[in-house]
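The values are calculated or read from the model by the stated rules, or taken from the named source; none is laboratory data. A quick note: this is a predicted structure, and the numbers were derived from the prediction, not measured. Neighbour counts run over all protein chains shown; Cβ positions are idealised from the backbone, glycine included.
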Amino acid sequence: MPKRQRGWVQMIPLNEQPTSSEILYIGSYGTAEEPTIHVGTFDPKTGELAVIQRVEGLENASYLTLHPSGEYLYAASETETTGEADGGSVATFIIDKKTGLLSTTSNRSLTHGAHPCYISTDSSGQALFAANYTGGNVALLPITEDGELKTASSTEQHTGELGPNAARQDAPHAHCIVPLGDSPFVCAVDLGIDAVVVYRYDASKHTLISHSTSKVHRGAGPRHLIFHPTLQTGYVMNELDSTITLMKVDEANGVLTAGQSISALPAGFDGYNDAADIHLGISGRYLYSSNRGHNSIAVFAVDQENGELTLIQHVECGGDSPRNFALAPDGGHLLVAHQKTGNVTVFTVDEESGVLTKTAASLELTSPVCIKFATV
């Protein structure tokens, strides 16, 4: 495994922060010689963003996740190989709980698949799950009590009927992996086979065991999956046809069933678009998704009985290719990371109507593709 490199963590002066500021972490594409992780502050009173630390040494830090304790940050290095080993890797960083700043460690584990693009942890912080896009597989990396990642204890290769889009669905492409609430199940979304693959997670043995497969419509190209906090529903963001599919959730039995499918684009739009990210507001009453090409955020109202969606707004996102976005902990702001134009924009969220309003605040970074707020 690669050891800590001299200069991996580069500090810049830490200015006095407003007491109301939130800490956030931004992952970016870039070489190991460039800063690909930035630690920033966000002031919800003013909407202003600032960078307080730049981190070098990790190529293509395209997805980040935090340990449930808030003491560790994990970053996926979306590469085909790691040194002489096949596949990408995940690196561990220690978070200073007072300042939010990062300290590097030598801990870095292989994901055993090319181009890991999504990582998450179980609620107890005992396991990290990785989705390898080009590898078409998923991996489980056990986490020690000290937050370090161990060698992968379980890998599962996806198989199944490929979708009809020959250019994009040429093979299985695992794009997201998330736990199903507090159940013993973990769900992996695969763009290549138009499916959500459900695994049973055995915490005592640190294994993933194939359990069920839930199909979405052919050619959808499912990318990301989120679950509603109170309803028995999930939502799949389909990249290739820019739709959102409602999934009815049987959490006890680990089964998802496709329901409503709704476009994330305005009626009549026929230009290029790849749908990207999807999140629910804190109340669960509104859902947000991003469009790359149309370059917008779509806002939907969520029916609080059946979970079905109704489109209420499209808003121009303020940059090109909004690959990822995040809702601030206060629920009143939404931050969007634009891969191609290299900027992060800020919107206010009307918590009653769900509607977004763009502010003048922005932050210039190279290829930002993931935003995660620190946990309190």
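I want to confirm something. Restricting to segment 31-63 and keeping residues that are under 12 Å from residue 116 (Cβ atoms) and either among the polar types (S, T, N, Q) or touching a Leu at 6+ places or on another chain (Cβ under 9 Å) (or both), which single residue is surrounded by the fewest Cβ atoms within 10 Å (Cβ to Cβ)?
60
Would you check if residue 167 is of a type in the set (Gly, Ala, Ser), without any contact (Cβ under 8 Å) to a residue 12 or more places away in the chain and part of a loop (DSSP other than H, G, I, E, B)?
It is true that residue 167 is of a type in the set (Gly, Ala, Ser), without any contact (Cβ under 8 Å) to a residue 12 or more places away in the chain and part of a loop (DSSP other than H, G, I, E, B).
Checking residue 187 against (1) assigned to a loop (DSSP other than H, G, I, E, B); (2) surrounded by 16 or more Cβ atoms within 10 Å (Cβ to Cβ): exactly one of these is not met. Which one?
Result: residue 187 fails condition (1) only.
Examine segment 81-97 for a residue that is acidic (Asp, Glu) and closer than 17 Å to residue 371 by Cα, and state whether such a residue exists.
No: segment 81-97 contains no residue that is acidic (Asp, Glu) and closer than 17 Å to residue 371 by Cα.
Any residue in segment 96-111 that is among the hydroxyl-bearing types (Ser, Thr, Tyr) sitting within a Cβ distance under 6 Å of a residue that is modelled with pLDDT under 95? List the pairs, counting only those 6 or more apart or interchain.
Going by the 6 Å Cβ cut-off, the qualifying pairs are 104/4; 104/8; 104/9; 106/3; 106/4.
So residue 79 clears everything in (1) of a type in the set (Val, Ile, Thr); (2) more than 19 Å from the chain's Cα centre (by Cα); (3) surrounded by fewer than 23 Cβ atoms within 10 Å (Cβ to Cβ); (4) over 26 Å from residue 184 (Cα atoms) except one condition, right? Which one?
Result: residue 79 fails condition (2) only.
How about segment 136-155: which of its residues are touching a Ser or Thr at 6+ places or on another chain (Cβ under 8 Å) and either surrounded by fewer than 19 Cβ atoms within 10 Å (Cβ to Cβ) or hydrophobic (A, V, I, L, M, F, W, C) (or both)?
138, 139, 140, 141, 142, 143, 148, 149, 150, 151, 152, 153
For segment 190-203, name all the residues that are under 14 Å from residue 213 (Cβ atoms) and either surrounded by 24 or more Cβ atoms within 10 Å (Cβ to Cβ) or not basic (Lys, Arg) (or both).
190, 192, 193, 194, 195, 196, 197, 198, 199
So residue 178 passes all but one of these: (1) modelled with pLDDT of 95 or more; (2) touching a Ser or Thr at 6+ places or on another chain (Cβ under 8 Å); (3) part of a loop (DSSP other than H, G, I, E, B). Which condition number does it fail?
Every condition holds for residue 178 apart from (3).
Scan 273, 306, 324, 343 and give me the residue that is surrounded by 23 or more Cβ atoms within 10 Å (Cβ to Cβ) and touching a strand residue (DSSP E or B) at 6+ places or on another chain (Cβ under 9 Å).
So the residue among 273, 306, 324, 343 that is surrounded by 23 or more Cβ atoms within 10 Å (Cβ to Cβ) and touching a strand residue (DSSP E or B) at 6+ places or on another chain (Cβ under 9 Å) is 324.
Among the candidates 220, 252, which residue alone is within 15 Å of residue 162 (Cβ to Cβ), touching a residue at least 12 places away in the same chain (Cβ under 8 Å) and either in a loop (DSSP other than H, G, I, E, B) or of a type in the set (Asp, Glu) (or both)?
Of the residues listed, the single one that is within 15 Å of residue 162 (Cβ to Cβ), touching a residue at least 12 places away in the same chain (Cβ under 8 Å) and either in a loop (DSSP other than H, G, I, E, B) or of a type in the set (Asp, Glu) (or both) is 220.
Which of the residues that make up segment 346-373 are surrounded by fewer than 17 Cβ atoms within 10 Å (Cβ to Cβ) and small (Gly, Ala, Ser)?
If the condition is that a residue be surrounded by fewer than 17 Cβ atoms within 10 Å (Cβ to Cβ) and small (Gly, Ala, Ser), then 353, 360 are the ones that fit.
Condition check: surrounded by fewer than 23 Cβ atoms within 10 Å (Cβ to Cβ) and either small (Gly, Ala, Ser) or within 20 Å of the chain's Cα centre (by Cα) (or both). Does residue 88 satisfy that?
No, not satisfied.
Does any residue in segment 282-303 that is in contact (Cβ under 8 Å) with a residue 60 or more places away in the chain and within 16 Å of residue 237 (Cα to Cα) come within less than 9 Å, Cβ to Cβ, of a residue that is basic (Lys, Arg) and surrounded by 17 or more Cβ atoms within 10 Å (Cβ to Cβ) six or more places away or on a different chain, and which pairs are these?
Cβ pairs passing all conditions: none.
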